[in-house]
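Chemist: A single structure is presented below for examination.
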Amino acid sequence: MRSVWRLPAAVFVGDRRVWRTAALVAVPLLAAIFYYCLRPNAYFTGTDSVEATTYVAPAQPRVPVCVPGLHLPGGTAAVRLSLVSATQVRPALAMVLRVGGRTIDSRLPPRTVGATRISDADFPIPQLPSRPAASAASLCVSAASLVNWGGTPLPLPPGVDPATNGGAPLAARIAIWYLPKPGAKRSYLDEAGAIFARAALFRPGAVGAWTYPVLLFLVLPAAALLALRCLALAVAGRGRVRRVAAWLFAIAAVNAACWALITPSFQAPDEVDHYAYVQSLVERGEGPSHDPGSPLLRWSSAQTLALEAMDFLTDHQVGGTAPPWLGVQQREYETMAARDRLSASNGGGYSTSAIAGPLYYLALAPAYLLTRGGSVFAQLTLMRLVSALLGALVAVFTFLLARELAPRRPWLGVAAALLVAYEPMYGFISGIVNNDVGVNAAAAALELLLIVLLRRGVTVRRAALTGVVLVALPLVKGTGESLYPVAGVVFLLALWRYHSRRDLLAWAALAIGGLAMSEVSTHVLGDLQPHAVATGASSVLSSNESSVSLALHHIPTFMSYLWQALLPRLPFLSPHFPVSNPYFVIFVERGWGAFGWYDVLFPHWTYVAIFVAMLAALPLGLWAARREWPWLRAHWPEALAVLLVPAAVVAGFEAAYFTPGVRPAIAEFGRYAFPAIGPLAIVVMGALHAFGRRRMVFAASGLVVAMIGLSYASQLLTLSSFYG
């Protein structure tokens, strides 16, 4: 019994204000999460994992469009297809479904549809028994007059089970959804077992349905308690720097690793190409080709088989569908992979990741090598876990950066680091394979080094390391160059402070470190990047560079573009974006909660609440500056450097996407600001000084708990959206 009582006593230690605030904030958050899980929802019994991105099968009157090779889930009582009709009167529709050795006819009468002429056709069928889990099926649909059926276009008709239009193979897949009986609803709690089993598909063999309840009900809550324990101890003035840094690293890494296991394979921005980069490095000894006309395959045969098995080509970037849910689909892939033994080394063609440097991908190469004999999904998962470790470094660097600024109040650094670790989009991005993770870590390292130089002075070791990181940063991703102006300002300020003769050697070490890294890039890393033909590389490599150059040559127009990206457009400014509030889309929706291929979103009111909180930070920051003016006056160079980082990062990526006219779509994403996430978290902690140094403990604790709750809700949302 004593050991049972000792456990809470060991966990709930430190400053009581942290724990009391955490309890007050956590109760409504947990209530909202429970409501989300317990509320009955309409649901699908499954889909064919094809999105209706457009309308791909124009069918003449009574000409059948047929789809073979379907898996009809048990419990299905209706089959849905999407279509657009020639007029607002949708014609009579007919479906012939063949399943389990029987033929089912289903018909729908004509009906009036909306002005878009788009509608869903729900064909009722006798409800299938829940066992077996799936039955082989095929269907044909036809209409009394011209219609166009929804789906996803493909370059060529699929090699296996192509859909046909009037008997001719169709270069597309048709989108199909399976529904239960009308009015049926289930809560996510009712579906929990099925959700966990579906989430475990197309993963490494060690991952099973058991993994997800362990993550949701044990690992993530334990990490959250540990995070609050770290904060409470720090507020109480307890904990050594190295130990606290290690715990913060572990917390951030665990949270990102949970994201790595929750996010479906390849259902993340450009992950398919970033994985291919690592595979090309290991298998071929060089990255993918820079030439869009390269004869090499974009993806290796082994990767292509995995993508086709999980319907990657037809189920990402648009909501309303799901990855494969059935165990039979995974077994079919495993059989084909074992039988065909397709090559992993015949990829390396041009892809979206081709213009990136190899540093980040080299860090992931050992993970690929360790799982080289396993499946594509085992390789991807271990690479994601390595990315999670890199992402966790940013939380540690944020903690150390805050300690440099406020060494006598270490708890501020702990709170800032936890805000970074639990920012939902940051956790999501850190748990996937994407070179944004690498540039975020490198940028955080550079920011820490710059502040250390400014506060402690230049030494040979610090300066040399700064030079190395400074040159390495754009080798991870070109957007890292946006921090160069900040580095220039810091160097001038540091030179103003430290310019004695004994500092000359250190400043020389800075230049030598940069030159050494440049030589490594040219003579070592350069060999890992294939030389493109002149016509191919120039058009691709210069795309972002030309946009930046355009911005520099049209500064007034770029300032108008930047203003509209950040603030409401003024009446005299020419529009540059297709919507009136691009800042809301870029920095709120896409910066806080657009998971998967940006198709898993919170309800709109959630973003409004976040936006209001972001706006509130501005007056709080001004009031805090007034309160802390003596500190700011004494440390203005450091404060200036911290504020310049997010300004430079945002201006940099906006310049990379600048267009003088109106953009047809918003190209920027909030994650592009994550190279500045550490300084942003520190600015937020600074704004909380508006409450006063004593009361800000309550505000900071509440904010950290709210961030942890939002992160947990994001992981539940992602699981339920893909698998519920």
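The values are calculated or read from the model by the stated rules, or taken from the named source; none is laboratory data. The structure displayed is predicted, hence computed values, not measured ones. Here the Cβ positions follow ideal geometry from the backbone for every residue, glycine too, while neighbour counts run over all protein chains shown. These area figures cover heavy atoms from the full protein model, side chains too; ligands, DNA and RNA do not enter into them. Shrake-Rupley method; radii C 1.70, N 1.55, O 1.52, S 1.80 Å.
Chemist: Residues of the stretch 338-376 being of a type outside the set (A, V, I, L, M) and in contact with a Gly (Cβ under 9 Å, 6 or more places away or on another chain), which ones? Step through it out loud before you land on a result.
Modeler: As a first pass, look at the stretch 338-376 and keep what is of a type outside the set (A, V, I, L, M): 339-341, 343, 345-353, 357-358, 360-361, 366, 368, 371-375.
Residues satisfying the conditions are Gly348, Tyr350, Ser353, Gly357, Pro358, Tyr360, Tyr361, Gly374, Ser375.
Chemist: Could you check, for the stretch 483-500, whether at least one of its residues is within 15 Å of Ala641 (Cα to Cα), part of a helix (DSSP H, G or I), under 27 Å from the mean Cα position of the chain (by Cα) and of a type in the set (Phe, Trp, Tyr)? I'd like the intermediate steps shown before the answer.
Modeler: Of the residues in the stretch 483-500, the ones within 15 Å of Ala641 (Cα to Cα) are 483-497.
Then keep just the ones that are part of a helix (DSSP H, G or I); that gives 483-497.
Checking which are under 27 Å from the mean Cα position of the chain (by Cα) leaves us with 483-484, 486.
Subsequent filtering for residues that are of a type in the set (Phe, Trp, Tyr) retains 484.
Yes; the residues of the stretch 483-500 include at least one that is within 15 Å of Ala641 (Cα to Cα), part of a helix (DSSP H, G or I), under 27 Å from the mean Cα position of the chain (by Cα) and of a type in the set (Phe, Trp, Tyr).
Chemist: Name the residues in the stretch 492-534 that are touching a Gly at 6+ places or on another chain (Cβ under 8 Å), more than 21 Å from Ile451 (Cβ to Cβ), surrounded by 14 or more Cβ atoms within 10 Å (Cβ to Cβ) and aliphatic (A, V, I, L, M), would you?
Modeler: Ile512, Ala516, Leu525, Leu528, listed by residue number.
Chemist: Would you pick out the residues in the stretch 598-611 that are outside any helix (DSSP H, G or I) and in contact with a helix residue (DSSP H, G or I) (Cβ under 9 Å, 6 or more places away or on another chain)?
Modeler: Taking the stretch 598-611 and keeping what is outside any helix (DSSP H, G or I), we get 598-603.
Passing the criteria: Tyr598, Asp599, Val600, Leu601, Phe602.
Chemist: On to the next question. Examine the stretch 588-608 for a residue that is farther than 18 Å from Ile682 by Cα, of a type in the set (Lys, Arg) and open to solvent by 60 Å² or more (accessible area, probe 1.4 Å), and state whether such a residue exists.
Modeler: If we filter the stretch 588-608 for residues that are farther than 18 Å from Ile682 by Cα, which is where we start, we get 588-590, 593-608.
Subset that is of a type in the set (Lys, Arg): 590.
With the extra rule that they be open to solvent by 60 Å² or more (accessible area, probe 1.4 Å), the set shrinks to none.
No, because not a single residue in the stretch 588-608 is farther than 18 Å from Ile682 by Cα, of a type in the set (Lys, Arg) and open to solvent by 60 Å² or more (accessible area, probe 1.4 Å).
Chemist: Let me ask you something else. What are the pairs, 6+ residues apart or on separate chains, where a residue within the stretch 112-126 that is over 10 Å from Arg90 (Cα atoms) has its Cβ under 9 Å from a residue that is part of a strand (DSSP E or B) and open to solvent by 70 Å² or more (accessible area, probe 1.4 Å)?
Modeler: Phe123/Arg107
Chemist: Oh, and also: Being in contact with a helix residue (DSSP H, G or I) (Cβ under 6 Å, 6 or more places away or on another chain) and either surrounded by fewer than 20 Cβ atoms within 10 Å (Cβ to Cβ) or without any contact (Cβ under 8 Å) to a residue 40 or more places away in the chain (or both): is that true of Pro288 here?
Modeler: Values: in contact with a helix residue (DSSP H, G or I) (Cβ under 6 Å, 6 or more places away or on another chain): yes; either surrounded by fewer than 20 Cβ atoms within 10 Å (Cβ to Cβ) or without any contact (Cβ under 8 Å) to a residue 40 or more places away in the chain (or both): no.
Spelling it out, it is not the case that Pro288 is in contact with a helix residue (DSSP H, G or I) (Cβ under 6 Å, 6 or more places away or on another chain) and either surrounded by fewer than 20 Cβ atoms within 10 Å (Cβ to Cβ) or without any contact (Cβ under 8 Å) to a residue 40 or more places away in the chain (or both).
Chemist: It is to be established whether one or more residues within the stretch 360-375 are in contact with an Asp or Glu (Cβ under 8 Å, 6 or more places away or on another chain), closer than 27 Å to Phe266 by Cβ and β-branched (Val, Ile, Thr).
Modeler: no
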